[in-house]
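Report on the following structure.
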Amino acid sequence: MILFLQLIFEFFKTGLFSIGGGLATIPFLYEMSYKYNWFSVETLTTMIAISESTPGAMGVNMATYVGTHLLGIIGGIITTLALVAPSVIVICIIAKILTKFKESNIVKGLFYGLRPAVVALIVVACSSIFASTFFVDGFTFSLSGINYIHVIVFAILFAFYQKKKPHPILVIVFTGILGVILSL
């Protein structure tokens, strides 16, 4: 029962403060992995990959994944609802207020100030994903700790994507197949 309530609290909090979409939920998930040991950083990286490659909002997919991982289907439903509930509540309040005060300098200033904060959260999340993908020991930057296969695959795909702009589904399917082949 305590785990159930902790999941509701943590994902409600994540939904309330992860301004900027799915990538903004990643710092909260890192905090959960350290605070509760519900999943490892490696598992989080896998969750991000799965959430990015499946339909739907990334944050919702990750909440569902964590809840299902810990408490089965009911956990997945509860964590998803806990993550989404603040957005529904806040957007209803904002819609009511914004129509009334949309030309206010305070409202404009609020959104002006939120933009760099959202970018900072996304950059922190991306740097964590970068480190856990390209370095064997996360943020241990050394030549012996580089995952060269990941770096080479990334460089090739990045160059190919810049030139050809393949459909994201093709990239996801190809890299999934490549991952299976390389892990054998």
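The values are calculated or read from the model by the stated rules, or taken from the named source; none is laboratory data. In this text, all values refer to a predicted model and were calculated from it rather than measured experimentally. Note that we place each Cβ from the backbone using ideal geometry, even for glycine, and neighbour counts take in every protein chain shown.
Residues in the stretch 101-110 that are surrounded by 11 or more Cβ atoms within 10 Å (Cβ to Cβ), assigned to a helix (DSSP H, G or I) and of a type outside the set (A, V, I, L, M): 101, 108.
Restricting attention to the stretch 7-55, the residues being polar (S, T, N, Q) and touching a Phe, Trp or Tyr at 6+ places or on another chain (Cβ under 8 Å) number 4. Kindly indicate whether any position in the stretch 111-129 is outside the structural domain of residue 53 (by TED's automatic domain parsing), loosely packed, with under 10 Cβ neighbours inside 10 Å, not charged (D, E, K, R) and not in a loop (DSSP other than H, G, I, E, B). No; the residues of the stretch 111-129 include none that is outside the structural domain of residue 53 (by TED's automatic domain parsing), loosely packed, with under 10 Cβ neighbours inside 10 Å, not charged (D, E, K, R) and not in a loop (DSSP other than H, G, I, E, B).
Results for (1) modelled with pLDDT under 90; (2) among the aliphatic types (A, V, I, L, M), shown as yes or no for each residue.
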residue	(1), (2)
75	no, no
84	no, yes
98	yes, yes
111	yes, no
120	yes, yes
131	yes, yes
138	yes, no
147	yes, no
162	yes, no
